[in-house]
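I have placed the structure first, in the form of structure tokens, so that the comments after it can refer back to it.
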């Protein structure tokens with residue numbers, strides 16, 4: 001599935017960015033001492049720290065979890081900002097879900113490989129060496145998804161962060177739970193809605209905010225929070241300033 005031509009003398013320097021310190025230590029221990037010619041040179045649990053270490057340490061590879069300490073999809077932020085830095089460091093995204101949406105977004109945001117939490121450390125090692133040698137680590141199913149996504153791709157264009165004001169109260173509730181990392185099923189349970197209704201709300205939200213995926217929606221919310229860290233309005237204020245929710 002993946003062809004890897006490894007040099008026996010090459011040792012790949014890796015930065016691990018995980019959701020907590022224990023996970024970082026477990027991955028580091030798995031590669032000690034230089035197991036499979038991989039050396040963990042730095043660890044981080046937050047997106048900002050990971051990016052700082054990339055600049056300072058300049059590792060060959062960063063293995064970043066989709067979920068970091070500062071948010072359920074912060075790993076995607078690391079991918080995006082790493083690409084904007086034009087760093088020589090290549091990124092591998094560690095996913096807990098095999099949802100095709102997350103796989104596609106991983107590559108869209110700059111990942112050179114995707115690895116899953118239920119795969120053995122030997123697979124991660126092969127992925128690291130393949131990506132280090134300039135290859136893309138993706139199986140045939142993922143490549144098919146990427147080709148399909150490219151055929152229907154539209155440019156990413158986030159509208160002004162104040163677009164959040166266009167949302168109804170119910171749409172805001174859905175967005176808030178999605179931004180916390182909840183699935184459609186969990187959102188439906190929390191709000192007492194059907195999953196079909198939740199999906200319909202998300203389609204309306206995507207259209208209003210100019211985004212096309214859950215990852216883009218979460219990044220949009222983070223952008224909005226950064227621009228408006230203190231929004232003094234409470235829920236009743238929002239209801240007064242918004243249109244009535246659609247029935």
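Hey, any hits in the stretch 109-128 for a residue that's over 24 Å from residue 19 (Cα atoms) and either at pLDDT below 80 or part of a helix (DSSP H, G or I) (or both)?
no
Restricting to the stretch 7-23, and then to whatever is buried (at least 20 other Cβ atoms within 10 Å of the Cβ) and under 17 Å from residue 65 (Cα atoms), can you tell me which residue is modelled with the lowest pLDDT?
Ranking the candidates gives 19 first.
Going through the stretch 42-75 one residue at a time, which ones are in a loop (DSSP other than H, G, I, E, B) and touching a strand residue (DSSP E or B) at 6+ places or on another chain (Cβ under 8 Å)?
Within the stretch 42-75, 45, 46, 59, 60, 66 qualify.
I'd like the residue in the stretch 178-196 that is modelled with pLDDT of 90 or more, in contact with a helix residue (DSSP H, G or I) (Cβ under 9 Å, 6 or more places away or on another chain) and not in a loop (DSSP other than H, G, I, E, B) and, out of all such residues, is surrounded by the most Cβ atoms within 10 Å (Cβ to Cβ).
187
Which of (1) within 22 Å of residue 222 (Cβ to Cβ); (2) in contact with a strand residue (DSSP E or B) (Cβ under 6 Å, 6 or more places away or on another chain); (3) surrounded by fewer than 21 Cβ atoms within 10 Å (Cβ to Cβ) does residue 96 not meet, given it meets every other one?
(2)
With in contact with a helix residue (DSSP H, G or I) (Cβ under 7 Å, 6 or more places away or on another chain), under 23 Å from residue 218 (Cβ atoms) and surrounded by fewer than 23 Cβ atoms within 10 Å (Cβ to Cβ) as the only criterion, which of 74, 81 stands out?
81
The values are calculated or read from the model by the stated rules, or taken from the named source; none is laboratory data. What you see is a predicted model, and the numbers here were worked out from it, not measured in a lab. For neighbour counting, all protein chains shown are included, and Cβ atoms are generated from backbone atoms with ideal geometry for every residue, glycine included.
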